[in-house]
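Below is one structure, written out as structure tokens, with a few remarks after it.
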Amino acid sequence: MSVSRLILVLVVALAAGCGDKAKLSRLPGDAVVLAFGDSLTHGTGAAENESYPAQLEKLIGRRVVRAGVPGEVTAQALERLPAALDEHAPRLLLLCIGGNDFLRRLGNQQAEANVRAMVRLARGRGVDVMLIGTPQPGFSVTPPEFYAGIAREFALPYEEGIIGEVLRDPSLKSDQIHPNARGYRLIAERVAAGLRKSGAI
């Protein structure tokens, strides 16, 4: 094998190896993180200071804005996001939305299109995004595949499993669809670990 061909093979191999490691810009100490979503972000089922954004703020040492609206579907969230980005000027968006679309049987295609549009909107404004998968109701309590597809499409860090893990454990829930304070703590810890892995903190 020629030297030039060997170099080409090594470059391709290195590129393939790095393709699944989504990176974020490092967050300065004064950065704002916008946690955006529905009741899971609001912290329904626990006190305000026990929500996952409040607990995450303590773990990562950056301001985390809790912008969750209980009952909101993805279409409403998409309408609300531009004003939230304007108001808070975040460096990073934590996007956790879709559960109410699934509960109301609005169709995964609509939820997928709206989540993709929110990611594109944030990225178009220079805001990094971390995606948090929301499970569908059912036996497995797992997120639809489209979240992983969007994460691959935009090279986003993606936390796929933690909400489902919490909701499968009765000791971590306040009701059938919401965590309790311990459950939110685990979500915050997993998100913080994802931010560390991606280089944000």
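The values are calculated or read from the model by the stated rules, or taken from the named source; none is laboratory data. Predicted, not measured: the structure shown is a model, and the values here were computed from it. Neighbour counts run over all protein chains shown; Cβ positions are idealised from the backbone, glycine included. Keep in mind that these areas ignore ligands, DNA and RNA; they rest on the heavy atoms of the full protein, side chains included. Shrake-Rupley method; radii C 1.70, N 1.55, O 1.52, S 1.80 Å.
Condition first: touching a Leu at 6+ places or on another chain (Cβ under 8 Å), part of a loop (DSSP other than H, G, I, E, B), open to solvent by 30 Å² or more (accessible area, probe 1.4 Å) and modelled with pLDDT of 95 or more. Now tell me which residues in region 111-146 satisfy that. Even if it seems obvious, please write down each step before you answer.
Taking region 111-146 first, the residues touching a Leu at 6+ places or on another chain (Cβ under 8 Å) are 114-115, 117-119, 121-122, 125, 127-132, 134-135, 137, 141.
Pick out the ones that are also part of a loop (DSSP other than H, G, I, E, B) and you get 125, 127, 134-135, 137, 141.
Applying the additional criterion that residues be open to solvent by 30 Å² or more (accessible area, probe 1.4 Å) yields 125, 137.
Across region 111-146, the qualifying residue is only Arg125.
For region 147-158, enumerate the residues that are open to solvent by 20 Å² or more (accessible area, probe 1.4 Å) and touching a strand residue (DSSP E or B) at 6+ places or on another chain (Cβ under 8 Å).
The answer is Phe154, Tyr158.
For residues in region 75-110 being over 18 Å from the mean Cα position of the chain (by Cα) and part of a loop (DSSP other than H, G, I, E, B), which is surrounded by the fewest Cβ atoms within 10 Å (Cβ to Cβ)?
Among residues in region 75-110 that are over 18 Å from the mean Cα position of the chain (by Cα) and part of a loop (DSSP other than H, G, I, E, B), the one surrounded by the fewest Cβ atoms within 10 Å (Cβ to Cβ) is Arg105.
Of the residues that sit in region 159-201 and are polar (S, T, N, Q) and not in a helix (DSSP H, G or I), which one is surrounded by the fewest Cβ atoms within 10 Å (Cβ to Cβ)?
Here is the first cut: in region 159-201, the residues polar (S, T, N, Q) are 171, 174, 176, 180, 198.
Applying the additional criterion that residues be not in a helix (DSSP H, G or I) yields 174, 176, 180.
Values: Ser174: 16, Gln176: 8, Asn180: 17.
Among residues in region 159-201 that are polar (S, T, N, Q) and not in a helix (DSSP H, G or I), the one surrounded by the fewest Cβ atoms within 10 Å (Cβ to Cβ) is Gln176.
Please verify whether region 46-58 includes one or more residues that are open to solvent by less than 10 Å² (accessible area, probe 1.4 Å), touching a residue at least 40 places away in the same chain (Cβ under 8 Å) and either among the small types (Gly, Ala, Ser) or on the phi > 0 side of the Ramachandran plot (or both).
yes
Could you check how many residues of region 165-201 are in contact (Cβ under 8 Å) with a residue 60 or more places away in the chain, under 14 Å from Pro137 (Cα atoms) and of a type in the set (Asp, Glu)?
Number of matching residues: 1.
Among the residues of region 131-154, what is the count of those that are touching a residue at least 40 places away in the same chain (Cβ under 8 Å) and aliphatic (A, V, I, L, M)?
2
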